[in-house]
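Chemist: What follows is a structure written as structure tokens; I'll ask about it next.
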Amino acid sequence: MHISEGVLSGQVLAAGAVITIVGTTIGLKKIDYDQMVHVAILASAFFVASLIHVNIGPVSVHLILNGVVGLLLGMAAFPAILTALLLQSLLFQYGGLTALGVNTVIMALPAVLVHYLFLPLVGKSERLTFIAGFSAGFFSIVFSCLLLGMALWFTDQNFLKTCIAIISAHLPVMVIEGIITGFCVTFLLKVYPEILPNINKVGK
Amino acid sequence: MRKIIPFIALVLMMSSTSALAHKVIVFAWVEQGRIHVEGSFGSDQPAKNCDIKVTGLNKVLVHQGITDAQGRYSFALPKNLDSDLVIEMNAGPGHLGHWTISKDELGAEPTPENIEKKMAEKQSLEKNPSLARIAAGIALIFGLAFSANWIKRRKRKGHNA
């Protein structure tokens, strides 16, 4: 999911940087003192998740976890994902510094979107909480693939063909992230509901 | 749940293309009159069936090919070369890797020591991130979070004073 250096045009890189700056500024303003530890924990999880590769038959996938980060943090996902991507770029040479803005948009914008789409379902019942978590994990990757396709489309690549290639390559990740996010949110709701913003606790 | 698991397995098996990894590593060296190229996404993850483009001076295309199932490709050293060669590997949408072979390297036949050195360089590129780097990254994230928190607290105290 990390776009390499030298792939995108200058305009796309600049647009990505501007959206990232705006998103990060809003995100930083929205973070509460008490939320800062949660942001750090989730940014660390995102930072490490990309290192976990799972081989399923001929497919080798790595986790992204932008769904769970977005569901729990909302706009604060922007600074969390930006920090994690910056450190991945500096310490592991993933992606590249010039593509940092675009890579942040590709992963953080879907994270924010799934927060607003699926958080209202969290806490209604255990089953709905799992469905909301699964959908957040699944669709965050779908939206990320579409944004990646758009970024490449603006740099002279066929949108439909590129999107089909990216989505088919990420199908296993969508399912795995959906399951992980579903279980993660259901578990957190039981043991640490304070991390979930504005929810109705199950059983109340 | 019993019905869901086989469905998930089916979806995963249907997706036969390799999911896009994030670190494209290209490595190339000259040996016995041929240029050998190896592409991977890190250790044990060869970049299979990826397009290889070789360009010379002013980005003129010199050669092109596709990596095999081991992520390897080799071709005869082009004649009359007068510049560095840039080897570009396209490993799927948004994933590009480069390697440059200098003009000097192209002209000289490498010694066994040189090849050994190159292989060591290749292994270090493909090595997974160390635990120390991962720990440093997490420590930096928490450091930044606590610094941001401290700045926010100071600002709020300033407003209240």
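Chemist: Please report the equivalent ellipsoid semi-axes of the stretch B:32-161, computed as sqrt(5 x eigenvalue) of the Cα gyration tensor, largest first, in whole Å.
Modeler: Over the Cα atoms of the stretch B:32-161, the ellipsoid semi-axes are 45, 18, 16 Å.
Chemist: Charges at C-beta only: +1 for Lys and Arg, -1 for Asp and Glu. How large is the resulting dipole of the protein assembly as shown about its Cα centre, in Debye rounded to 20?
Modeler: Approximately 1760 debye in magnitude.
Chemist: Considering all alpha-carbon pairs of the protein assembly as shown, what whole percent are spaced by more than 29 angstrom?
Modeler: Here the tail beyond 29 Å accounts for 46 percent of pairs.
Chemist: Assuming R0 = 41 Å, can you tell me the calculated FRET efficiency for the pair A:Phe183 and B:His36, based on Cβ-Cβ distance, to the nearest 0.05?
Modeler: About 0.35, to the nearest 0.05.
Chemist: May I ask for the equivalent-ellipsoid semi-axes of the stretch A:1-88, computed as the square root of five times each C-alpha gyration tensor eigenvalue and listed largest first in whole Å?
Modeler: 24, 20, 9
Chemist: Related question: What does the helix-only formula give at 222 nm for the protein assembly as shown: each DSSP H stretch with n ≥ 4 adding -39500 (n - 2.57), the total divided by the residues, and the result rounded to the nearest 500 deg cm²/dmol?
Modeler: Result for the protein assembly as shown: -18500 deg cm²/dmol, rounded to the nearest 500.
Chemist: On C-alpha positions alone, give me the angle between the axis of helix A:36-49 and the longest principal axis of chain A, in degrees, nearest 10.
Modeler: Around 50 degrees separate the two axes.
Chemist: Can you compute the radius of gyration and Dmax for chain A, using only the Cα atoms, both in Å?
Modeler: Cα radius of gyration and Dmax of chain A are 16.4, 53 Å respectively.
Chemist: For the stretch A:83-204, what is the charge dipole size about the Cα centre, in debye to the nearest 20, if Lys and Arg each add +1 at the Cβ and Asp and Glu each add -1 at the Cβ?
Modeler: 380
Chemist: Largest first and in whole Å, what are the equivalent-ellipsoid semi-axes of the stretch A:116-204 based on the Cα gyration tensor, each being the root of 5 times an eigenvalue?
Modeler: That gives 32, 12, 9 Å for the three semi-axes.
Chemist: Need the list of lysines near A:Lys29 for cross-linking: C-alpha distance under 22 angstrom, and skip anything on the same chain fewer than eight residues off.
Modeler: Candidates past the 8-residue exclusion: B:Lys152, B:Lys155, B:Lys157.
Chemist: Can you give me the relative contact order of the stretch A:109-204 as a percent, contacts being Cα pairs under 8 Å and 6 or more apart?
Modeler: Reported relative contact order: 38 percent.
Chemist: Averaged over B:127-133, how many beta carbons belonging to a partner chain fall within 10 Å of each residue's beta carbon?
Modeler: So the per-residue partner count for this stretch is 3.
Chemist: Can you give me the relative contact order of chain A as a percent, contacts being Cα pairs under 8 Å and 6 or more apart?
Modeler: Over chain A, the number comes to 25 percent.
FYI, it's all coordinate maths here, none of it is from the lab. If you're wondering where the values come from, they're calculated on a predicted model, not measured in any experiment. Reconstructed Cβ throughout: ideal geometry from the backbone, glycine too, with neighbour counts over all protein chains shown.
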